[in-house]
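Notes to accompany the following structure.
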Amino acid sequence: MLQSDASWGRMGANTVISSYYKTEAFGDAKISINGSPFQDAGMAISGLVADIIRSGGKGDKNTRDDRAHDVLFDPNKQSFLAHVRKYLEHKKKVGANKMSISYEGDPERALKFIESLPEKDEKGNNGHRIWAMLYSLAIAKAAQSQSPVVVIRRCIKDPDGKYFPKYGLGQDFEMDFLERRRNLDETHATMPMFERKAVKAGLDKDDCRKNRNQQKVELRKAKKEEGLMKRRNMADVCVEIEAPVEVEVASSISQQAAIVLGFVQRNGPAEEFDDAFGATKWLRKKLSLARNPPIDDVIQAGLVPAFVTMLAHPESTMQFEAAWCLTNIASGTSKQCEVVVSHGGVPPLIGLLSSPSIDVCEQCVWALGNIAGDCPAMRDLVLQNGATDKLVKLIEATALMGQMGPLRNAVWALSNLMRGKPQPSAAHVTSVLPTLAKLLLLHDEEVLMDTCWALSYISDGGDDRIDLVVHAGVVPALMTVLREKAENKTRTPALRTLCNILTGSHMATQVVIDAGILEVLPEAIKSTKAQTRKEACWAISNVAAGTSDQVDLVMRSPLLANVVDRLANDDFEVRKEAAWVIANILHSFSSDPTNTHCAMRASTLVQLGAIPPMVAMLSVNDAAMQKLMLEALGSLLGAGELLGASKGVNPFLVPFDEAEGIDKLETLQEHSNEEIYQKAISLLEKYFGEEGDEDENLLPNVANGGFAFGGNAPAVVGGFNFGASPIDVM
């Protein structure tokens, strides 16, 4: 529950942080969370919630999650503070114990900071909630984990690659809030996510592929997705105006605004053109500053409607400057972008995509790309005003003429029109796919990158969207990009698109297989980038969830040994995806427990050394992954029963025991999750606890009125004498 509510907290976080930033000096460009009031308060807030989740009694976990949620989202700030204060007082008294972790921050500074947070931010959200969510996100990023307990705590990584919650000594991390103009917060709030259905006994084949309603696995975003959803045109900025005095800037803006507003109000008299053009150009340069552009000052001066009006001026140079100003205003916050839209900026910007001036066309494309990149609602507004057709025509014209600068910006804008959930309508998608297919044939890295991102957004949907991409014939070209572009910014979106297609129907999966994906993935799974290895495993897991023939292709591929190696020796997020490969392969046996061919797949996995890393996954702090591995191990041991039936010996029991599997199952008998507890008990009873198999040396021998353990041990004549000399027990 805490996880699902984290996304909205990202949207308004900047307001709280930036207001605090103005009163506290944390450096020029970045605010370091480590060693600051942010960390003190974050330890207190996240520690409070962690204690509720972890040590809230042995009741139902959902009940504890609900209680933690209610505390974190308490609408009464004083009540919330009381919870935090009580937690800190308790920590001061008891310190660390086996169920919780001591608080190592500054309690007074934490409480003072939380009290200083505003009741509401500009979006009407509770300030203390926003901050708590922001801190949780930072830790989640550091830990790369989906576990709620880890998400709300600082983590460290031990030499074996496992993450453990710990305060004070964990990874240091920084969050760059001054890059907000590039729309970082909104980008995080709309991260593309891939999902998959959990593999469970009794489910059909399609249930193995992709879970649209259950477990969600969020991909870490590549650089393009993290920072380039919006772009600000910062070209041609004079050095002498890089660091203006704020008071002088505000005064100068008022003076220049008066010139521009007077020009517009008087319907643009020719004799005032030069002054108005100069004032607009001056304002454009101010809005192009790398740091602290005066966007709000320009808005408050009433200049946005004037810039929109100037788009209709007959001089293309004036159109260009006005469009540039609107571009940089739209590159700001959602609220600033909305000002451009509310004053009717979208229709005239779209109209100018047909301008004879390529400079005007390019600048309008840039502005529309920023508006579309703000949120799905803004994107849909741009689409509804007919941007797609004009943009496609502009792309094709600039491609034919070799005008690469305008072409790159137009393709980037088109990718923004395809991104976000809910997805654009099928009609809009269908109209751009032929153009995207042609763009894949160009040899320009930036064009290819944005084209692949656009296709990844389109394919990140249901089977109907995936089929549209497949029928557009882009798979062979994507494979060419993947083969030729090693470890660059084009490879990631190309691989992402192909991975998305693999989550579709068996037909779609086969198209990607026929194009050679299994020949390309061995390189990807050995990549130095964890993200690439993760997506490679994700792709293989979806092939392994396909038809029997598709599973056999994985079994015959050298990829399988690589997957087992990733399961044993990689970051946790990569190991999780490798675990899905193994689970999907073994699910074929659980679906048909009398099929010797499916059982032999388990034998192949055992020969490759899969049992030890599978058993190790039973110890991770992730209930969903523990359940998955218990299901997979159950299928594996069941396959061993079938293969060993003729000899009466399960060949997989010994390697399972040698990997400390029995010990792990016994430990899981104490797990608070009822389903995990039951699955562990079931495996122990089915494979390791049959009646009649007791060791004869552990049976008591009764003789002459006494008893002794061990078949060959002599009986004690006359029985035990409790009055004899005692044996000291150390």
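Can you tell me how many residues within the range 623-661 are free of Cβ contacts under 8 Å to residues at least 24 places away in the same chain and aliphatic (A, V, I, L, M)?
Summing the residues that are free of Cβ contacts under 8 Å to residues at least 24 places away in the same chain and aliphatic (A, V, I, L, M) in the range 623-661 gives 3.
Table: residues versus (1) modelled with pLDDT of 95 or more; (2) within 18 Å of A568 (Cβ to Cβ).
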{"residue": "S591", "(1), (2)": "no, no"}
{"residue": "A599", "(1), (2)": "no, no"}
{"residue": "P612", "(1), (2)": "yes, yes"}
{"residue": "G644", "(1), (2)": "no, no"}
{"residue": "K664", "(1), (2)": "no, yes"}
{"residue": "N673", "(1), (2)": "no, no"}
{"residue": "Q678", "(1), (2)": "no, no"}
{"residue": "E690", "(1), (2)": "no, no"}
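Out of the range 369-384, which residues are open to solvent by less than 10 Å² (accessible area, probe 1.4 Å) and either assigned to a loop (DSSP other than H, G, I, E, B) or under 22 Å from L287 (Cα atoms) (or both)?
G369, N370, I371, A372, G373, D374
Identify, by number, the condition in (1) free of Cβ contacts under 8 Å to residues at least 60 places away in the same chain; (2) within 25 Å of the chain's Cα centre (by Cα); (3) not assigned by the TED database to the domain that holds R556 that A477 doesn't meet.
Every condition holds for A477 apart from (2).
Which numbered condition in (1) open to solvent by 10 Å² or more (accessible area, probe 1.4 Å); (2) under 18 Å from the mean Cα position of the chain (by Cα) is the only one that P493 fails?
(1)
Listed here are the residues, each with its yes/no results for (1) open to solvent by 10 Å² or more (accessible area, probe 1.4 Å); (2) at pLDDT 95 or above; (3) within 23 Å of the chain's Cα centre (by Cα).
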{"site": "I501", "(1), (2), (3)": "no, yes, yes"}
{"site": "S505", "(1), (2), (3)": "yes, no, no"}
{"site": "V511", "(1), (2), (3)": "yes, yes, no"}
{"site": "D514", "(1), (2), (3)": "yes, yes, no"}
{"site": "E519", "(1), (2), (3)": "yes, no, no"}
{"site": "A524", "(1), (2), (3)": "no, no, yes"}
{"site": "T528", "(1), (2), (3)": "yes, no, yes"}
{"site": "G546", "(1), (2), (3)": "no, no, no"}
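I'd like to check which helices (runs of 4 or more DSSP H) are fully inside the range 536-655 and have at least 3 residues that are more than 30 Å from L482 (Cα to Cα).
By residue number, 572-591, 596-607, 611-616, 623-643.
Out of the residues in the range 385-405 that are among the polar types (S, T, N, Q) and open to solvent by 20 Å² or more (accessible area, probe 1.4 Å), which is nearest to L436 (Cα to Cα)?
Q403
For T528, all conditions in the list (1) assigned to a helix (DSSP H, G or I); (2) out of contact with any Lys or Arg (no Cβ under 8 Å at 6 or more places or on another chain) hold save one; what is the number of the exception?
The one condition T528 does not meet is (1).
Quick one: E446 ticks every box in (1) assigned to a helix (DSSP H, G or I); (2) touching a strand residue (DSSP E or B) at 6+ places or on another chain (Cβ under 9 Å); (3) of a type in the set (D, E, K, R) bar one, so which box is it?
(2)
Just the residues that are open to solvent by less than 10 Å² (accessible area, probe 1.4 Å), assigned to a helix (DSSP H, G or I) and polar (S, T, N, Q), please, taken from the range 328-358.
Result: N328, single match.
Being at pLDDT below 95 and crowded, with 20+ Cβ neighbours inside 10 Å is the filter here, so list the residues in the range 561-571 that pass it.
D570 - this is the single residue of the range 561-571 that is at pLDDT below 95 and crowded, with 20+ Cβ neighbours inside 10 Å.
The values are calculated or read from the model by the stated rules, or taken from the named source; none is laboratory data. Note that the structure is predicted; figures quoted are calculated from it, not measured. We place every Cβ from the backbone using ideal geometry, glycine too, and count neighbours over all the protein chains shown. With ligands, DNA and RNA removed, areas are computed over all heavy atoms of the protein, side chains included. Shrake-Rupley method; radii C 1.70, N 1.55, O 1.52, S 1.80 Å.
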